[in-house]
1. For the chain, list the DSSP H helices whose alpha carbon atoms reach 15 Å or more along the long axis and whose average Kyte-Doolittle value is 1.0 or above?
2. Using +1 at the Cβ of each Lys and Arg and -1 at the Cβ of each Asp and Glu in segment 247-341, identify which of G314, S332, P277 lies farthest towards the dipole's positive end.
3. Can you tell me, using C-alpha contacts under 8 Å and at least 6 residues apart, the relative contact order of segment 278-418 as a whole percent?
4. Given contacts defined as C-alpha pairs under 8 Å and at least six residues apart, what's the relative contact order of the chain, whole-number percent?
5. Using the charge dipole of the chain (Lys, Arg: +1 at Cβ; Asp, Glu: -1 at Cβ; taken about the Cα centre), state which of A158, L134, I254 has its Cα farthest towards the positive end.
6. When the Kirkwood hydrodynamic radius is evaluated over all pairs of different C-alpha atoms of segment 112-151, what value in angstrom, to one decimal, is obtained?
7. By the scheme Lys and Arg +1, Asp and Glu -1, what is the net charge of all other residues having a beta-carbon under 12 Å from that of A212?
8. With the convex hull built on the Cα atoms of segment 168-269, state its orientation-averaged projected area in nm².
Amino acid sequence: MFSTLQPHKKAMATELLSPLLPQRRRGLAVAAAAPLLLLLLVVVVFSRSRLTVSSPERVDLTLVAGAREKGAVCLDGSPPGYHLRRGFGSGAHNWLIYLQGGAWCNTTQSCSERKRSSLGSSKFMRALKFSGILSNDHLENPDFYNWNIVVVRYCDGASFAGDAEGEDLDGTKLFFRGLRIWEAVIDELMGKGMDIAQQALLTGCSAGSLAALLHCDNFRGRFPQEVAVKCLSDAGFFIDVKDLSGERSMRSLINGVVHLQNVREVLPKDCLQNKDPTECFFASELIKSISTPTFILNSDYDSWQIRNVLAPSGSYPQQAWSSCKADIRNCSSTQIDVLHGFKNKLVSEMKVAEDNKNWGLFIDSCFTHCQTPFHITWHSPISPRLGDKTIAETVGDWYFGRRQDVKQIDCEYPCNPTCSSRLPTA
């Protein structure tokens, strides 16, 4: 069941590009008003700021030196890789580390399938386009554009957390070495100048965002105390909730990952004293143990979780929910009530972050997943806004201390008019 999650994320994980949510037909009144709406949009675009950005820069892949000798390898045994764009000017000594996402593999079969793609082997990895929080364009990425920016490729299937070996269906080895990959990449970057960083930010998207939470305090510990080090979680707040059929499909998936790939070493020791390792792999438990200032960015109507956690295939009458999962605007009032329940559960599990004065929150009500790596959601005229601030502006305010208590939790869908129909939805 869960191996089907991998292709679903593959395009976004390898290219960092987003699809557009299809437009729904409108009535005659909206059609008649289209010219006026178009004029208003043009006015807004030019009045907010001239966010005409350059084409995304392509950054080549670097393979980790001596990775095989360290046992720090992808699922197929190939060396892991990353993309490094050097900083410049005032950002020359600042570092942003972005951990790529792409779901997980929880069985020998699903991991065997992954190793024949860039999510399991560097043999299939190519140059990446950097946009959003990765961009070197000041208009698109006002606070981090000139930092050293690194995208660490995801090829272990367990959020850079496992340390084990297995056997493929064809008799060859499967390497579950995410933890060693993390350590090898960070060690190599330290040797390339990150050891003298003045400021640093660890972030990621989806499964990479969960990895940022898992490794947040370890990352902090690699720098002198006077260095400003923080973490940013983007769409990594997966929750343990019953699906529409009453099963805990997400817990089942994570349980498989935790035991197949042996992720225990990275889990909080205080959590393991009282809970099962599977529970300790969820963000709601991880944030209770993180001491490093962290920002949680998430949609409380997370499109990937609604499609794969709340309403996975086979858990409901297919026709009843397929249209709703494709586009939240197609959901019935009854279905919207179910989604409101999901939102309430997610927000309640963020209580620790909400109460911590050094942490930040941007929880919008848009039907989307992963918002930092895309220009359209990170910082553009049609980006989601809370308190009239884009995600980029809010994260910057939090990181640099320009505002106090940077915590925004949106109202219920469809209350936010800045939730564009063109946002990426996983």
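1. Flagged H segments are 28-48.
2. G314
3. Value for segment 278-418: 28 percent.
4. Relative contact order of the chain: 18 percent.
5. Going by the Cα projections, it comes out as L134.
6. 11.8
7. Around A212, the charge tally is 0.
8. Mean shadow area of the hull around the Cα atoms is 9.0 nm².
Quick note: the coordinates plus some simple rules give every number you see, no bench work behind them. Predicted, not measured: the structure shown is a model, and the values here were computed from it. Neighbour counts run over all protein chains shown; Cβ positions are idealised from the backbone, glycine included.
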